[in-house]
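Working notes for the structure below.
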Amino acid sequence: MLKRLALGFFVCSLLFALSLLYVDGHFPASVPAGDSGLDYRPLAKALEHVGPSGLVDYAALKEDRAGLDDFIAQLARVSPINHPELFASADDRLAFWLNAYHALVLDAGLDAAAEARLDATGRRFYWLRSWPIGGRRFTLWSVERRFLSETGDSRIPFALACGAKGCALLDGSPFQADLLDAQLNDAVGRFVQNDRNVKLAKDGVHLSPLFRTHEDDIRAALPEGRTNLLQFVWAFLPEQCLDRPGCDTRGDLDKACGPKLEDCKLVYEPFDWALAGR
């Protein structure tokens, strides 16, 4: 009896360890033969199916998915892991992983849309499915944890479109190393200026739960002497509503909170796992 229990414990422990290695992107994958170059134009073609609101037209993408498939095939052949010489700078590498992440989200979203799983979608494909990238198999979680969350850039969580409406939404163009800083600022601006994520109300400032999840990173990135995460929000609100009349501005936040942003009550909304499609 004890031997059976011990054997069962060993097998369970082994399976658990293997599952952790799988989810964290440590399983090997074959590298297809072919050109080792990387071209973001096929991804740009796929992103044409992202609407002005940031939602993906999955029906149209399904009919025109050649660009997405082409780019994902490129990921299997080349990455900073097996071709570091192609990604000399930190911005080159970060742009690669952001684009890879979003391509995989689109691929997973196609499957989710095809199966009519429009709610709780992210929780289903985020952990289990994996793709080959440069000789390893990665889940979305492993790409985020190993190559995006570890950058120390507090803007990253608000630029990642995880496929759910509660995350950032895509804007229809790939990230580029030479434009990366401006693109990240634009992405956070879109997130903060979406009233689904930041909304001023009589009972306080209603925020996406992502602000609470990443509160420590936000505080660490603030200038010395500043500790309130609303200062991060304030920095990405517009001075004026030129593009979207009636939006919340920096002045509106100042008026809502009074002399000190710390006096504002924070109300965290539930995360919306519905698929970011239309």
How large is log10 of I(q)/I(0) for the range 147-234 at q = 0.11, 0.26 Å⁻¹ when the intensity is taken from the Debye formula with one equal scatterer per alpha-carbon? -0.31, -1.54
Only four residue types carry charge here, +1 at the Cβ of Lys and Arg and -1 at the Cβ of Asp and Glu. Report the dipole size of the chain about the Cα centre in Debye, rounded to the nearest 20. 1100 debye
Could you name the lysines whose alpha carbon sits less than 19 Å from that of residue 255, not counting residues in the same chain fewer than 8 places away? 199, 202, 265
Assuming 0.36 nm per residue, please report the length gained on full extension of the stretch residue 57 to residue 171 beyond their Cα-Cα distance. 39.8 nm
At 222 nm, what helix-only mean residue ellipticity would the chain give, in deg cm²/dmol to the nearest 500, using -39500 (n - 2.57) for each DSSP H run of four or more? -13000 deg cm²/dmol
Helix hunt in the chain: which complete DSSP H runs extend at least 27 Å axially by C-alpha with mean Kyte-Doolittle at least -1.0? 2-23, 90-114
Using a Förster distance of 22 Å, the FRET efficiency for residue 219-residue 196 (Cβ separation, nearest 0.05): 0.40
For each of 239, 224, count neighbouring Cβ atoms within 10 Å of the residue's Cβ, then give the residues from fewest to most. 224, 239
Rounded to the nearest Å, what's the spacing between the alpha carbon centres of the range 32-74 and the range 211-245? Just the number, please. 32 Å
Using every Cα-Cα pair within the chain, state what percent have a distance larger than 23 Å. 58 percent
Among 130, 30, what is the fewest-to-most ranking by other Cβ atoms within 10 Å? 30, 130
Cα Rg, Dmax (largest Cα-Cα span) when computed across the range 25-151, Å: 14.4, 42
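Each value in this text was obtained by applying a stated rule to the coordinates, not by laboratory testing. Given the structure is predicted, the values throughout are model-derived calculations rather than measurements. Don't worry about glycine lacking a Cβ; one is built from the backbone with ideal geometry, like all the others, and counts go over all protein chains shown.
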